[in-house]
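Taking it in order: structure first as structure tokens, then the write-up.
The values are calculated or read from the model by the stated rules, or taken from the named source; none is laboratory data. Predicted model, so just to flag it, every value in this text is computed and none were measured. In this analysis, Cβ positions are derived from the backbone assuming ideal geometry, glycine residues included, and neighbour counts consider all displayed protein chains.
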Amino acid sequence: MRSQLKVLLATLAFGPVLVWGPELPDALATMETFKVTEVEVLGTRFVSEDTVVAALALGGLASVWGDTEVWRERLERHPLVLSAEVRRRLPNGLRVTVEERTPVALAATPTLEPLDAAGHRLPIDPTRFGLDLPIIAASRMPPEGASVFPEEVRVLAAEIEHLRRADEELVRRISTLTLQDDGSLSLRLISPDVSLLVRPGTSLGRLREAEAALTDAIRRTPGDIPDVVDLRFADQVVVRRTPDR
């Protein structure tokens, strides 16, 4: 009895293959049962589900047996999509997982516009999503129609991402970020209102030294808070006050 059951299951499993051969996928694609009627979208905050479905460009007759790589490539052309994965969910669905580009700062275009760590312009309304991000102050704006910001802005965006990985709390306190003539960075902080001067790639240890020096200076003279903490010099933390401030 058990051997007869195995024969029956094998017949059900391989029978269609024997009949259709290599044309089986095409045959399945034409069946109404496998027509895509459901698309599950995961991982999005800024891109709406309707936008994802539109970017896939499935068409009214799309089958789950369609080319998922083609759909993925279409979706990854969207400026907010860093990467995507499209999987079949039988009999009539797709599961789309999206990794969005993450906004790290705002820069002028001339209106303030979000950008990611690589300097890509992101079509996101900052007010709609309540983006509280550092503002990059740069001398150049992107040319009309450009998808990325000029190099100066990209350098600053990459540095913000570096700082975020080292000290996310510090990044929350940055109001503006500027590239100095000597290649150093000026971070204008809030609470307290102070400028932090650093070299690109400053380590977490050095940032901690700056915090400690500032805290000590405030403790010593609470009525005369420093306005500059300078980390540009090796093994030194210079805390100073601007005379005419």
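Within region 142-165, the set of residues being in a loop (DSSP other than H, G, I, E, B) and in contact (Cβ under 8 Å) with a residue 40 or more places away in the chain comprises Ser147, Phe149.
Apart from one condition, Ser139 fits all of (1) over 23 Å from the mean Cα position of the chain (by Cα); (2) without any contact (Cβ under 8 Å) to a residue 40 or more places away in the chain; (3) within 25 Å of Phe233 (Cβ to Cβ); the exception is (3).
This table checks each residue for (1) closer than 25 Å to Leu196 by Cβ; (2) assigned by TED's automatic domain parsing to the domain that holds Thr51; (3) out of contact with any Pro (no Cβ under 6 Å at 6 or more places or on another chain).
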position	(1), (2), (3)
Leu115	yes, no, yes
Leu122	no, no, no
Thr127	no, no, yes
Ala137	yes, no, yes
Ala146	no, no, yes
Glu159	yes, no, no
Glu169	yes, no, yes
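Has region 129-136 got any residue that is under 30 Å from Met31 (Cα atoms) and of a type outside the set (Phe, Trp, Tyr)? No, the conditions are met nowhere in region 129-136. Here the condition is being closer than 19 Å to Arg188 by Cα and either touching a residue at least 40 places away in the same chain (Cβ under 8 Å) or loosely packed, with under 13 Cβ neighbours inside 10 Å (or both); of Glu73, Glu168, it holds for Glu168 alone.
Being at pLDDT 95 or above and part of a loop (DSSP other than H, G, I, E, B) is the filter; apply it to region 109-122 and report the residue that is surrounded by the fewest Cβ atoms within 10 Å (Cβ to Cβ). Step through it out loud before you land on a result.
From region 109-122, those at pLDDT 95 or above are 113-122; that's our starting set.
Still in the running and part of a loop (DSSP other than H, G, I, E, B): 116-119, 122.
Details: Asp116: 23, Ala117: 19, Ala118: 14, Gly119: 23, Leu122: 20.
Only one residue tops the list, namely Ala118.
Here region 225-235 is the region considered, the condition is being surrounded by 11 or more Cβ atoms within 10 Å (Cβ to Cβ) and out of contact with any Leu (no Cβ under 8 Å at 6 or more places or on another chain), and the residue that is modelled with the lowest pLDDT is Ile225.
Does Leu207 count as in the same structural domain as Val155 (by TED's automatic domain parsing) and touching a Lys or Arg at 6+ places or on another chain (Cβ under 9 Å)? Steps first, please.
Working: in the same structural domain as Val155 (by TED's automatic domain parsing): yes; touching a Lys or Arg at 6+ places or on another chain (Cβ under 9 Å): no.
Taking the combined requirement at face value, the residue does not satisfy it.
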